[in-house]
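Scroll down for the structure; my scribbles are underneath it.
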Amino acid sequence: MPAAAATNASDERSPPVAGVSPPATQGLRVLLIDDGAHRVHLLSEELARQGCEVVGVIEQATLIHDCVLRLQPDVVIVDAESPTRDTLENLATLSARMPRPVVVFAEDADQTPMRRAIKAGVSAYVVAGLQTQRLAPVLQVAIARFEQDRALRDELNKAQEQLASRKHIERAKGIFMSEMGLDEDKAYQRLRKLAMDRGETLAQVAQRVIDAHELLRPG
């Protein structure tokens, strides 16, 4: 799960300067979740001022997954006194199935809900009050952390796939060596030729060899 950015509302940010480039958050599609704080109207107004599109506002945690599926937001924002267990459970489901940057604004500085939120995949957890002028930098941090975490997950998945492929190739070579009396080099060359002839990868051919071997193995 991504490490969330926990910040405090006492931080200060200079007001925007007239004539500068549009905010980096402009054009973002945002889904708002009112988790008991009832201040989403302030968020909606600030998001609109920054050029974001609020695609939906919901109050029921059970709707999170379906709304993300239907509305396809870029970011999810939760406004809460303290995020409820139902909300965090549904955010964890969202993180597993359709990951998005998630920001939680909370009043409760207790470490327990913060830890649960981080475990649920929250990208930024902001404690001690909602200050709309801080919204843009918080969103930027959340998106950056989410993208970093996604890149790390992609690298891990790729490494795991490569490891699994190597294991399949080694096993297929072993099958050729034991059943056809080939040495390791010839077994590899046979696998390679099969892959070239069929227009498949070595891993795909290796899996076919393993599957055939398992099928023909005496019960």
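Here, each number is a calculation from the coordinates, and none is a lab measurement. Not measured: the values here are computed from a predicted model. Cβ: placed from backbone, ideal geometry, glycine included. Neighbour counts: every protein chain shown.
Only lysine pairs 8 or more places apart or on separate chains count here, and in the chain those with Cα atoms under 29 Å apart total 9. Kirkwood-type hydrodynamic radius, the chain: 20.5 Å, calculated from all non-identical alpha-carbon pairs.
Between 0 and 90 degrees, rounded to the nearest ten: what's the tilt of helix 40-49 against the longest Cα principal axis of the chain? Once rounded, the angle reads 80 degrees. Can you tell me the 0 to 90 degree angle between the C-alpha axis of helix 184-198 and the longest principal axis of the chain, rounded to 10? Relative to the chain, helix 184-198 is tipped by roughly 70 degrees. Listing SER123, SER44 from fewest to most neighbouring C-beta atoms within 10 Å gives SER44, SER123.
Sorted ascending by nearby beta carbons within 10 Å, beginning with the fewest, PHE105, PHE176 become PHE176, PHE105. How many angstrom lie between the Cα centre of region 44-65 and the Cα centre of region 123-183? One Cα centre to the other: 29 Å. Globularity index of region 156-216 is 1.09 (Cα radius of gyration / 2.2 N^0.38 Å, N = number of residues). Computed from Cα positions, the angle between helix 202-216 and the longest principal axis of the chain comes to roughly 60 degrees. Taking only Cα atoms and a 10 Å spring cutoff, compute GNM fluctuations for the chain and point out the largest among ARG198, ARG116, ARG29. Highest fluctuation of the listed residues: ARG198.
Per-residue ellipticity at 222 nm, computed for the chain from helices alone with -39500 (n - 2.57) per DSSP H run of at least four residues, works out to -17500 deg cm²/dmol.
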